[in-house]
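J.: Take this structure, written in structure tokens, and hold onto it; I'll ask about it next.
Derivation of every value follows stated rules applied to the coordinates shown; laboratory data play no part. Just so we're clear, the structure is a prediction, and the values are computed from it rather than from any experiment. Counting neighbours? That spans all protein chains shown, and the Cβs are built from the backbone with ideal geometry, glycine included.
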Amino acid sequence: MNGKNFTVKNKTLSLALALIMLFGALRVSVLAADGTVENAVAQVTSNGTTVQYDNLPDAVAAAEAAEGSTVKLLTDVKISTRINVNGGNFTIDLNGKTWENTSSSTLFALDVYGGRVTVTSTNGMGTIYGYNITWEDWGETKSEHYNAVIVADDAAVHVTNGVRMNMLYAYKSADLTLDPGVIITNNFFTQADTIEQFLSGKALQRCDENGNTVNEYVPLNDSYETQDTGCVTVIDHSTCSGHVVNGVCEVCGNACDHSGATSSDVICSDCNATLALTMTLKSNGGSTLVLQFTGITPGLAYLKGKSFIPGTNERIETVEFKLRSGISLTSDNLIFDDAGVCFILDLNGSALTLSGSILMSSGELTVCNGTVDSEDVFGAFRVYSGGTLRLENITYADTGNAENYSVYDNDGGNVFITSGSYGSVWLLTSGTKELSGGTFTEIHFGGDYGQLLKKGRVYTDATTGAYIPADSMNSSTAVKIAECTDHTMSGGICTKCGFACSHPSYENGKCTICGSPCLHEEVEIDGDALFCKVCHQQIVIKATNGDAVSYYSDIAVAEKNASDGSTLTLIKNVSLENKVFVTNKNGITLDLNGNSLSGEALCVGNSDSEGNVTEGTLTVVDGSGGKGSVGLEVRNGGTLVFKPDNIYTKITELDIYGGSAKLYGGRICGGKNSLKLYNNVGMVDLLPDGYAFRVYSEDQPGDLLCYSDLKNDNIESRSADLVPEQCGHANLPLDFSGENCTYCNVAFVAILKTADGKIRGFEDLAKDWNSFGENGTVTLLQDTVLSENMTFTNGVDCILDLNGYVIDPDGPGKLFLEGNSKLSVKGREREDPYVISENWVRCDVHIGENGAGTLDITDDLVAFSVVYFSDIGNTQLKHGTFAHIYMDENKDIFISDLLADGCAFFSGAKLINMASVRDYSAVTIEPHTHKTFEDGRCTVCGAKCKHTSGFTDDKCNACGYVCTHEKIDGDGKCSMCSKQLLDPALISVDITWEEMSFSYNEGKKTWDPIGHSLSAEDGIWDQTEKTITVTNKSYRAVKAEFFFNGTDGIEGTFGKASLTVEGATMDGATAVKSESDATSFKITGGAIDKKQYLGTITVKVAAVLPSKDDDGKKEG
Amino acid sequence: MSNTNTEEKKDKKRKILIIILIVGIILCLAVAIWALFFRDTNDRLAPDYAPGVSESNATPVDGDGSKLDVPDGGGGISIEYVSSVTVDLSDNKASFEYTHPAKSTQNIVLQIVVKDTVIAQSGLIAPGNKLKELPLLKGAAKKLSAGTYTDAQFKILSYDPESGEKAMVDTVAQITVTVQE
């Protein structure tokens, strides 16, 4: 670079650099190379580096930003800025200099709002002043001073010896520490109640501005929120001892803390006061502080506002007052209401006399070992809700006031009394109360006195010591609470004191201590048996009720403990030594579970000689499937339901004296002693409705016993078992003529006599028909109602004989015909013809859509309410009266189509032409001769011509209808006109077959060189199957059978040895659709060694002749 | 004298034996000749190959020209018949209705069998022919008596029209034979 190359661009760069250097030179005047600056007022040293500042705010700000730094004044500083500190941890070293805010607007010198600041002075006394102003006012010098230092709640300031301030202000929770020697020239005031909290172990002594003290002190426990302390210096004051004058410390102003006394001193050597008690503060952390007080009240006053043991950070947990032995103490009300503290007032054998009461509204107070007297009308101890009072070994000195209670439960506090004498107490039911000892002349309590006692305690007569039941207690009973020494156990619990036995050992299933039976709560399997883990008794009964399960070794105990709805399951065979009574139960179940209950009987219900009846209900089942047996007895009030699932569960003995016994299953064993009935109880009484007894001999079922034969006379001679079974009312005697079931005596509404002559009774006409209906005649035995649709389907052909009775049309069901079924309804004149003149079947008859049914009415005594036809099937009516009749409006059928030949519908005497009518009311079918026809219908009544007059040349002789031969009968004739359309003997069949060639593979041949013989394995025919198809073009069905006659031992088999191929679909005499079926053939045996003829398959064809029930009609 | 008598007796015995032998030989020959030439066995065996003579009583029937749908190498016959057959002993023939439709793929021989006895058998019938009568086999009439036989069949033997080999599948159709004198 030379002058020639000095360009404009370079000039600009030089100017910029000059400006930067000029600005840098200004900074350099502050930040010299060694950290010194001209006119420096302070310097900050941090981590060995010192930087000087020409203004204090910057220096303090730099120190605030540098943890552990020290800002040191280098000169006296007068500034108009209030310096705020919000954080950091640093030291301000006044260095013997003065820092003063001279601004009347900013006023304060240093405000510490956060962080931790130590103010010290290392080189003589350092001063920090807020704004000070002094003026003359009419010859009087006046001044105002403003804070040198303010310490806020979140700040920590430590001021050391050598520092002087004009004013110091501390927030209520400020962390302020003042070392002895600190001088405050004008005022130290605080937001807190006193300045005592900032001067722990120290005090303030008056002095001049230079710290020269005079013998005056400032009381620390005064309020200095506004009051001036004046010029003071901080001094050490670790103890008031030696400074107490008239009970008050002349240094700190606090009352004497008797710190110079011990717990054995009666007189405080400092204040001469009489010491009444020792107060010990304890924390959970182990800190303890022992203090002496002249009374309880000063002790409580000392605690006021204290949560921590002074000098520690440990919370006060327990405060124990212990009176000096032999000292009586008087007091007004004593209030213990610190919820977080447990107070103990140990009277230590002394007397406490109260003009008021000890009040408890929160926390816990224990008072013990002394005498308490109170003049308060409510008594010595008044407990409020939330307070807990414990009294031990207290004697309440009754002053004779009748309304004076030793303990007064104001609104449900907690009271525990363990010993002592208390006169009258007033206790409420709310809150917790527990009396475990003590003597009382009166216990006023509105609840169950038993609730007051601790478990194991009882009330005893205060004089005689006799036991007093809790339910005999009243407010005037003088009692002593004593330990129960004579337990009366029930279920392991003493009924006197509530003591619960722990049952340490058992013998024979009972506790050796209290005699309570073992509850068998834990069981274990040992071999095939179940044992109690606790008492080792064998378990015989498992009781369940919902999810609750319990075990018993004694069935009597199990019965006694069983709640309603329980099931007792027998786990092993049991022989009862004594009768067990099932009583007071609305229903328990005994599950025999395949086991036997023998010996004495299990009795259901009971009655004593005076006729007092005890009810009991027992249901017996057998979950094992029929291996159980039991002996039972039913007495007055007893209800036995014997309901095992099968017939093999045995009643070995059944004695019935009264009550009710119903047998739904199982069996009564044979033998004259197995069933004994007394007091007019009959065998029929054992049967539930619809049940009958069947005889079983040697386990083989015999006949049902006729109901009329169930007489007690026959019991003695009975040797066979009796099995109750639900009667199906089937197979009634052929000469049955009654109205009740022969076997179970149930009243029938109808009977069904089937086509093969069997008779079954119906309890519910519709339901029983739908379950058991078959071809035959149903005859009504009484007026009835259809509980559901009575459906005739699946081709059933049945007669419904109304027999002069009525099927109520208002029932929910109706007759329902479908599926090619046929119902013929017949009637009979009623015995009360003036009431109902016909046998009304007031039911809908729906001809179901699942294949048409056919309705027939055989006489004029049958009347229908509403009849609906969705199809008429083969219905051809000659009789009947209809309140309403209607046809499916969507089908081409009319009411006249229902008519048989020679009939018509009449409404009264008027003939109604129903040719195009689908809905009509109140009509009767009566004879009518059709004379003229038009379009195949009678021109008068509309009935279709039945073509009964014969055909000539395919034309009806009556109506001229030309037959179209739509149906052909089994003889090949037209179903309508009988014209021979087909030769029924004509058979037309096609038979085709696949190539009938089969392969045979010879077995492997092996030469035996020793025996010189050739052995061969068996050969194999290929398993190809050849198909033979038969196609039938005949009118009739054809049966094809297949045979194979093999040559040289050849064998063959067919997939199907015979086929029946249905007849072809005919159009007139022409087959329009043939039917086919096929079989397969394969060679299965024999062997060949060359190509040869294997045999002959013969297909044998024969027509299948129509059956007797098949008219062979087929539609074209 | 005694020797002469003894010789004479021996001669007589020889003559008697010779006569007996001659008579026996004649009887044997007679039986053999009857058995070979005159005995009617009644068992008409199905020929393994189609007979060379067509049935003279068969008359053609019309067909629609179609054939049965038969698998390759297989065969098929269509049979149409009336299951009642009448035998008139007076003119020694059976009358019936049997059609061997043209759609069949096999030639057939029709037998009428009564109680396992063939009473009539046709010659070869090609597809498309109808047969209404057959003469009774010789001697058949003597085994029948007036009345109705339900144990009777048409036995239809099928033959390959080209090779003449008998098919493996025969058909038997149940019929009723009414015999009239």
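J.: Evaluate the charge dipole of region A:78-197 about its Cα centre and quote only its size in Debye, nearest 20, assuming +1 on the Cβ of each Lys and Arg and -1 on the Cβ of each Asp and Glu.
T.: Details: 7 positive and 13 negative charges, 75 e Å.
It comes to approximately 360 debye.
J.: At a Förster distance of 22 Å, what's the computed FRET efficiency of A:Tyr920 paired with A:Glu739, Cβ-Cβ distance as r, to 0.05?
T.: On the way: r = 38 Å, r/R0 = 1.71.
With R0 = 22 Å, the Cβ-Cβ based efficiency is 0.05.
J.: Let me ask something else. Between A:Glu38 and A:Asp265, what FRET efficiency comes out of the Förster formula 1/(1 + (r/R0)^6) with R0 = 56 Å and r the beta carbon distance, rounded to 0.05?
T.: Numbers: r = 69 Å, r/R0 = 1.23.
The value I calculate is 0.20.
J.: Then there's this: Could you pull out which residues in region B:143-181 have an amide N less than 16 Å from a spot 7 Å beyond the Cα of B:Thr86, following the Cα-Cβ vector?
T.: B:146-149, B:176-181
J.: For chain A, what's the relative contact order in percent, using C-alpha pairs closer than 8 Å and at least 6 residues apart?
T.: After rounding, I find 2 percent.
J.: Oh, and also: Multiply the residue separation of A:Glu1002 and A:Ser598 by 0.36 nm, subtract the distance between their alpha-carbon atoms, and state the gained length in nm to one decimal.
T.: Details: separation 404, 0.36 × 404 = 145.44 nm, distance 7.61 nm.
Value of the extension gain: 137.8 nm.
J.: Subtract the Cα-Cα distance of A:His158 and A:Gln1023 from 0.36 nm times their separation in residues, and report this length gain in nm to one decimal. Write out the running numbers ahead of the final one.
T.: Values: separation 865, 0.36 × 865 = 311.40 nm, distance 11.47 nm.
My answer for the length gained is 299.9 nm.
J.: Take every residue in peptide B:159-169, count the Cβ atoms of other chains within 10 Å of its Cβ, and give the average of those counts.
T.: That average works out to 3.
J.: Quick one: putting +1 on the C-beta of Lys and Arg, -1 on the C-beta of Asp and Glu, what dipole do you get for the protein assembly as shown around its Cα centre, in Debye to the nearest 20?
T.: Working: 102 positive and 168 negative charges, 968 e Å.
My answer is approximately 4660 debye.
J.: Mind checking which of A:Ser975, A:Cys903, A:Ser997 is farthest towards the positive end of region A:902-1059's charge dipole, using Cβ charges of +1 (Lys, Arg) and -1 (Asp, Glu) about the Cα centre?
T.: Going by the charge dipole, the pick is A:Cys903.
J.: Largest first and to the nearest Å, give the Cα extent of the protein assembly as shown along each principal axis.
T.: So the extents along the principal axes, rounded to whole Å, are 214, 140, 115.
J.: Taking a quarter of the surface of the convex hull around the Cα atoms of region B:129-174, what do you get in nm²?
T.: Details: hull surface 19.8 nm².
Convex hull of Cα atoms, orientation-averaged projection: 4.9 nm².
J.: Quick one: net charge around A:Thr429, please, counting Lys, Arg +1 and Asp, Glu -1 for every other residue with C-beta under 10 Å from its C-beta. Don't jump to the answer; show the numbers that get you there.
T.: Numbers: positive: A:Lys433; negative: A:Asp409, A:Asp448.
Charge balance near A:Thr429 sits at -1.
J.: Normalise the Debye intensity by I(0) for region A:158-303, one equal point scatterer per Cα, no solvent, then take log10 at q = 0.14, 0.19 Å⁻¹ and round to two decimals.
T.: Results for region A:158-303 at q = 0.14, 0.19 Å⁻¹ read -0.73, -1.10.
J.: For chain A, build the charge dipole from Cβ charges (+1 Lys, Arg; -1 Asp, Glu) around the Cα centre, then report which of A:Leu359, A:Leu428, A:Thr777 sits farthest towards its positive end.
T.: Checking the options against the dipole of chain A, the answer is A:Thr777.
J.: With only alpha-carbon atoms counted, please give the Rg and Dmax of region A:692-772, in Å.
T.: That works out to 13.9, 42 Å for Rg and Dmax.
J.: Measuring from label point to label point, each 7 Å out along Cα→Cβ, what is the A:Arg315 to A:Asp547 span in nm?
T.: Distance between label points: 3.9 nm.
J.: Shifting gears a bit: Hey, could you grab the Kirkwood Rh for region B:92-181? Inverse mean 1/r over distinct alpha carbon pairs, Å, one decimal.
T.: Details: mean 1/r = 0.0735 Å⁻¹.
By the Kirkwood definition, the hydrodynamic radius is 13.6 Å.
J.: Hey, another quick one. Extension gain A:Ser476-A:Lys579, at 0.36 nm per residue separation less the Cα-Cα distance, in nm?
T.: Values: separation 103, 0.36 × 103 = 37.08 nm, distance 4.90 nm.
In short, 32.2 nm is gained.
J.: Applying 1/(1 + (r/R0)^6) with R0 = 51 Å to the Cβ-Cβ distance of A:Ser143 and A:Thr297, what FRET efficiency is obtained, to the nearest 0.05? List each step's numbers first, then the result.
T.: On the way: r = 44 Å, r/R0 = 0.86.
That gives a FRET efficiency of 0.70.
J.: Take each of the peptides A:109-120, A:211-222, average the number of other beta-carbon atoms within 10 Å over its residues, and list them starting from the highest.
T.: On the way: A:109-120: 20.6, A:211-222: 15.3.
In descending order of packing, they fall as A:109-120, A:211-222.
J.: Which values of log₁₀ I(q)/I(0), to two decimal places, follow from the Debye formula for region A:448-501 at q = 0.13, 0.19 Å⁻¹ with a uniform point scatterer at every Cα?
T.: Scattering profile of region A:448-501, log10 relative to I(0): -0.27, -0.57.
J.: Is any residue of region A:796-812 close enough, with backbone N under 18 Å, to a label point placed 7 angstrom from the Cα of A:Lys891 along the Cα-Cβ axis, and if so, which?
T.: A:796
J.: Charges only on Cβ, +1 for Lys and Arg, -1 for Asp and Glu: so what's the dipole of region A:199-344 about the Cα centre, in debye to the nearest 20?
T.: Working: 8 positive and 17 negative charges, 110 e Å.
Dipole of region A:199-344, to the nearest 20 debye: 520 debye.
J.: Here is a follow-up. Given the rule -39500 (n - 2.57) for each run of at least 4 DSSP H residues, summed and divided by the residues of chain B, what is its mean residue ellipticity at 222 nm, to the nearest 500 deg cm²/dmol?
T.: The helix contribution divided over chain B gives -6500 deg cm²/dmol.
J.: Convex hull over the alpha-carbon atoms of region B:83-143: what's its volume per residue in Å³?
T.: It is 81 Å³ per residue.
J.: Any idea what Rg and Dmax come out to for region A:74-198 if you just take the C-alpha atoms, in Å?
T.: Just the Cα atoms of region A:74-198 yield Rg and Dmax of 14.2, 48 Å.
J.: Next question, about the same structure. If all Cα-Cα distances of region A:305-444 are sorted into 10 Å bins from 0 onward, what percent lands in each bin, rounded to whole numbers?
T.: Per 10 Å bin, starting at 0, the Cα pair percentages come out as 13, 45, 33, 8, 1.
J.: Now, a different point. Between A:Glu67 and A:Thr274, what is the label-to-label distance in nm when each label sits 7 Å out along the Cα-to-Cβ direction?
T.: 6.1 nm
J.: Compute the acute angle (0 to 90°) between the alpha-carbon long axis of helix A:8-28 and the principal axis of greatest extent of the alpha-carbon atoms of chain A; round to the nearest 10°.
T.: Orientation of helix A:8-28: about 60 degrees from the principal axis.
J.: Taking the beta-carbon count within 10 Å as an exposure proxy, list A:Leu289, A:Leu452 from fewest neighbours to most. Don't jump to the answer; show the numbers that get you there.
T.: Working: A:Leu289 17, A:Leu452 23.
Neighbour counts put them in this order, fewest first: A:Leu289, A:Leu452.
J.: Would you mind pulling out the separation of the Cα centroids of region A:776-814 and region A:664-712, in Å?
T.: 34 Å
J.: Same structure again: Can you give the longest stretch of chain B with no exposed loop site, where a site means trypsin sites (Lys or Arg not before Pro) in a DSSP loop (not H, G, I, E or B) with at most 15 other C-beta atoms within 10 Å?
T.: With trypsin sites (Lys or Arg not before Pro) excluded where exposed in loops, chain B gives B:68-114 as its longest stretch.
J.: Using a cut-off of 10 Å between beta-carbons, work out the net charge of the residues near A:Thr1098 (Lys and Arg +1, Asp and Glu -1, A:Thr1098 not included). Mind showing how you got there, number by number?
T.: Working: positive: A:Lys1100, B:Lys155; negative: A:Glu1041, B:Asp170.
So the environment of A:Thr1098 carries a net charge of 0.
J.: Which value in deg cm²/dmol, rounded to the nearest 500, describes the helix-derived mean residue ellipticity at 222 nm for chain A, given -39,500 (n - 2.57) per DSSP H run of n ≥ 4 and division by the residue count? If you can, show how the numbers build up before the last one.
T.: Numbers: 5 runs with 54 residues, N = 1116.
Result for chain A, helices only: -1500 deg cm²/dmol.
J.: Say each of A:Gln726 and A:Asp411 gets a label point 7 Å from the Cα, pointing the same way as Cα to Cβ; how far apart are those two points in nm?
T.: About 6.8 nm, to one decimal.
J.: Order these by the 10 Å Cβ neighbour count, fewest first: A:Glu507, A:Glu196, A:Glu633. Present the calculation step by step, with values, prior to reporting the outcome.
T.: Details: A:Glu507 10, A:Glu196 19, A:Glu633 25.
Arranged by neighbour count, lowest to highest, A:Glu507, A:Glu196, A:Glu633 become A:Glu507, A:Glu196, A:Glu633.
J.: While we're looking at this one, here's another question. Could you work out the local net charge near A:Glu1051, counting Lys and Arg as +1, Asp and Glu as -1, over the other residues with Cβ closer than 14 Å to its Cβ? All intermediate terms of the calculation are to be shown ahead of the outcome.
T.: Numbers: positive: A:Lys1082; negative: A:Asp1018, A:Asp1048.
Around A:Glu1051, the surrounding residues sum to -1.
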